[in-house]
1. Suppose the filter is over 30 Å from Ile151 (Cβ atoms), over 18 Å from the mean Cα position of the chain (by Cα) and modelled with pLDDT of 95 or more; does Glu41 pass it?
2. If you take the residues in the range 33-49 that are in contact (Cβ under 8 Å) with a residue 12 or more places away in the chain and of a type in the set (A, V, I, L, M), which one is farthest from Arg78 (Cα to Cα)?
3. For the range 146-172, name all the residues that are within 16 Å of Asp111 (Cβ to Cβ) and not charged (D, E, K, R).
4. Taking Phe136, is it within 19 Å of Asp50 (Cβ to Cβ) and of a type in the set (Phe, Trp, Tyr)?
5. Taking the range 145-172 only, how many residues are touching a helix residue (DSSP H, G or I) at 6+ places or on another chain (Cβ under 6 Å) and among the hydrophobic types (A, V, I, L, M, F, W, C)?
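The values are calculated or read from the model by the stated rules, or taken from the named source; none is laboratory data. The structure displayed is predicted, hence computed values, not measured ones. FYI the Cβ positions are ideal-geometry reconstructions off the backbone, even for glycines, and counts take in every protein chain you see.
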Amino acid sequence: MARTYAQTPHMAGDHIRLLQLDDLDFDPMLRSGYQRPQDLEPCLRMAQDDIAWADELVLVFPIWWGGMPALLKGFLDRMLLPGFAFRYEPKGLGLTPLLKGKTARLIITMDTPRWIDRWLCGSPVIRQLRYPILRFYGIKLREVLFFSPFILSSLSQRQDWIERVRKLAHRH
C-alpha cells in the first residue's frame with residue numbers, strides 16, 4: 001500500500017520520499033531516555049531530514065495486538081527527539097512543538113474487524129498516535145484509512161483496497 005501511494009503518478013518524483021523501516025539499519029531502542037544522548041545512525045539522520053522536508057507524513061502499517069508494530073514505535077522513539085520534534089521550555093513551563101504545520105494520514109491494516117477495534121478496544125493506536133505523538137509535536141492528523149479484516153480478505157477485496165489508496169494519493 002505504501003508503494004502504491006508513493007508510485008501513483010501524481011505523487012511520484014520529488015513530491016514524495018518513501019521510508020521503509022525494515023530496510024533501515026538502526027537500534028529501535030531509546031536506551032537511556034533523554035538522560036544521555038544516543039547517537040543517531042545515518043539512516044535516522046536522513047529520516048529526520050525527510051520529516052523536516054515533508055508537509056505531510058503518511059504512515060502505512062499493520063495493527064498488531066491492538067498497537068503499532070514495535071519497529072514503528074522504536075523508530076518514533078528514536079526520531080522524535082528534543083531539539084528536532086519539540087523543545088523544553090525554560091523553568092519547566094511545558095514544551096514547544098517543532099513540527100507545526102505538518103499533517104499526517106494513516107493507512108492501517110488489521111486482522112481484527114474495525115468495529116471490535118473501535119467499540120470494544122477504543123482504537124488504542126489512533127488515540128496514541130493522535131494525542132501523545134502527532135499532536136504533541138504539532139502534527140495534525142488529517143485522515144485514517146482502515147482495511148480489515150485483512151486475514152479474511154479476498155484477492156479482489158485487497159485489489160479494491162489498493163485502488164482506494166491510489167485514489168487517496170490522487171486527492172493529496
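1. Values: over 30 Å from Ile151 (Cβ atoms): yes; over 18 Å from the mean Cα position of the chain (by Cα): yes; modelled with pLDDT of 95 or more: yes.
Yes.
2. Start the filter on the range 33-49 by keeping residues that are in contact (Cβ under 8 Å) with a residue 12 or more places away in the chain, which leaves 34, 38, 40-41, 43-44, 47-48.
Now restrict to residues that are of a type in the set (A, V, I, L, M): 40, 44, 47.
Working: Leu40: 8, Leu44: 8, Ala47: 11 Å.
Looking at the filtered set, the residue picked out is Ala47.
3. Narrowing the range 146-172 to residues within 16 Å of Asp111 (Cβ to Cβ): 146-154, 157-158, 161.
Phe146, Phe147, Ser148, Pro149, Phe150, Ile151, Leu152, Ser153, Ser154, Gln157, Trp161, listed by residue number.
4. Details: within 19 Å of Asp50 (Cβ to Cβ): no; of a type in the set (Phe, Trp, Tyr): yes.
Taking the combined requirement at face value, the residue does not satisfy it.
5. We begin by selecting, within the range 145-172, every residue touching a helix residue (DSSP H, G or I) at 6+ places or on another chain (Cβ under 6 Å); these are 146-148, 162, 165-166, 169.
Keeping just the survivors that are among the hydrophobic types (A, V, I, L, M, F, W, C) gives 146-147, 162, 165, 169.
Counting residues in the range 145-172 that are touching a helix residue (DSSP H, G or I) at 6+ places or on another chain (Cβ under 6 Å) and among the hydrophobic types (A, V, I, L, M, F, W, C) gives 5.
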